[in-house]
1. Can you name every residue in segment 211-241 that is in contact with a strand residue (DSSP E or B) (Cβ under 7 Å, 6 or more places away or on another chain), open to solvent by less than 10 Å² (accessible area, probe 1.4 Å) and within 11 Å of ligand 1 (Cβ to nearest atom)?
2. So, in segment 17-75, of the ones that are within 11 Å of ligand 1 (Cβ to nearest atom), crowded, with 21+ Cβ neighbours inside 10 Å and free of Cβ contacts under 8 Å to residues at least 40 places away in the same chain, which residue ends up farthest from A113 (Cα to Cα)?
3. Test G133 against the stated conditions and say whether it is more than 13 Å from ligand 1 (Cβ to nearest atom) and surrounded by fewer than 17 Cβ atoms within 10 Å (Cβ to Cβ).
4. Which condition from (1) under 30 Å from the mean Cα position of the chain (by Cα); (2) within 24 Å of E315 (Cβ to Cβ) is the one that K386 breaks?
5. Can you confirm whether A128 is under 27 Å from G220 (Cβ atoms) and more than 16 Å from ligand 2 (Cβ to nearest atom)?
6. For S419, work out the one condition from (1) open to solvent by less than 50 Å² (accessible area, probe 1.4 Å); (2) of a type in the set (S, T, Y); (3) closer than 18 Å to N356 by Cβ it doesn't fulfil.
7. Restricting attention to segment 78-104, which residues are surrounded by fewer than 20 Cβ atoms within 10 Å (Cβ to Cβ) and either within 16 Å of ligand 2 (Cβ to nearest atom) or modelled with pLDDT under 95 (or both)?
8. Just checking, does segment 372-393 include any residue being of a type outside the set (S, T, Y), closer than 17 Å to I320 by Cα, modelled with pLDDT of 95 or more and in a strand (DSSP E or B)?
Amino acid sequence: MEEQASLEKAFIILAAGKGTRMRSETPKVLHCVAHRTMLGHVLDLARRAEAVRSVVVVGHGAEAVAKAAEAHRPAPAGLSSALQEPQLGTAHAAAQAREALRGFGGAVFVLFADTPLITLKTLEQLGAAISAGAGVAVLGFEPEDPAAYGRLILDAEGGLARIVEFKDASAEERAVRLCNSGVMAIDGARLWGWLDRIDNENAKGEFYLTDIVALARADGAGVSVARADDPAEVLGVNDRADLAAAEAAFQARARAAAMADGVTLTAPETVFFAHDTALKPDVVVEPHVVFGPGVSVAAGAEIRAFSHLEGARVEAGAVIGPYARLRPGAEIGADARVGNFVEIKNATLAPGAKANHLSYLGDAAIGAGANIGAGTITCNYDGVLKHRTEIGAGAFVGSNSALVAPVTVGAGAIVAAGSTITASVPEDALALARGRQMSLEGRAPRLREQLALRKKRERGGETEGGT
Ligand code: UD1
Ligand code: CA
């Protein structure tokens, strides 16, 4: 067989449905899986598939959904949205993309924005079928429970004859286990003609996109079926339980991918990834670690148990946690240490710097090899404005120091424990900023006596022995 040049791709992303069962003010497709909206997952797929145009069909919550699509980064090529009002079914929804796809003759993919986990590999199978001349390629799957999915009805030769919706299916057809995922690729040159011929004479009174299969067959066009290996890939989200199932499926996939890439996960089922978590080989992640969006960790770094990271970069050999919190803008240099109950926000730790216990470092730059003592706080916020703290290389900040920003501690300087630093400390200086200690010999017993007397007076007539 001759190699087929692969056709250009366009995406139609259906996102007009109501999503009643989510019981939410937020449109269904804007709910998140792994910190990215479901719509965002499908838009990202469009980008990775190198679709040349993508049309989001919006209806319920149209404004919010269209806005979210436009704001998605990195943006897929040729993105637009089309309004479907009222919503008369999936074929009617796809037809709204007609203007936006005028003149496009490649492979048109129809996807649902509430089905976020389709892989590029699966999509390529559908694309290959269209490039090889098929009119329609359908993604089927065999779920454990076929429930109310549309059924793929095969002919005697094993080809796809038609799709029947559950509500319209006979008992015999309902016994079929091969189901419609909803994802299709269609030859862009013939799509609109077929859509024009779809009617709404069915149980729901809707224009079903699935009817395109029988029409294509009747026209003598080739129709092919690809199968998703993993039913989780085609999981459609209708309610919060489905959303949790999609999250679980995403996490399972992310954990497997991380381990395949050479990351050690001591207890993979307790580690949670964001859609963009980037871990290099030989990173070790201990149990119960949560990655929010925007985290990258370089080779050989260690994220110890019960740590929470978001918007953070961790360089090679650094050790984070246990019980550390890295917030957006945290940049932890090579071999640096961030220990228990340390929170870091918009702050850099240069290589080898250490903040091992109970600290808040915000809007700060910590120099190479500097040591931040237990309980050190950068007082970065005066209630109105944020201010920066700079700590030089090799500086030593004693325990329980408050650094009132804006302030600088010079390289090699020492800040005595318990200091409240309000003025900059020069390089190599020793700064003591706390009350001078007095010890009054023998005064403790006298003080106790006085206190006991006062207690007695204040009690008046009350009996003794109470608390
Ligand atoms: C659809 C398929 C069914 C398949 C199932 C997989 C049809 C007719 N049926 O059924 O074969 O097994 O998905 O999950 O296609 N939408 C619009 N506008 C509309 C109607 C729907 O944008 O007028 C969008 C929805 O927002 C949703 C998607 O299309 O994202 C699917 O619609 P839905 O009504 O959920 O279809 P199903 O009945 O689940
Ligand atoms: Ca559905």
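The values are calculated or read from the model by the stated rules, or taken from the named source; none is laboratory data. Keep in mind it's a predicted model, so treat the numbers as computed, not measured. A quick note on method: Cβ atoms are made from the backbone with ideal geometry, for glycine too, and the neighbour counts reach across all protein chains shown. These area figures cover heavy atoms from the full protein model, side chains too; ligands, DNA and RNA do not enter into them. Shrake-Rupley method; radii C 1.70, N 1.55, O 1.52, S 1.80 Å.
1. I212, V213, V234
2. By that ranking, first place goes to G61.
3. Yes; evaluated as a whole, the condition is true for this residue.
4. Every condition holds for K386 apart from (2).
5. Considered against the rule, which asks whether it is under 27 Å from G220 (Cβ atoms) and more than 16 Å from ligand 2 (Cβ to nearest atom), A128 comes out as yes.
6. That leaves (3) as the condition not met.
7. Matches in segment 78-104: Q87, L88.
8. Checking segment 372-393: at least one residue is of a type outside the set (S, T, Y), closer than 17 Å to I320 by Cα, modelled with pLDDT of 95 or more and in a strand (DSSP E or B).
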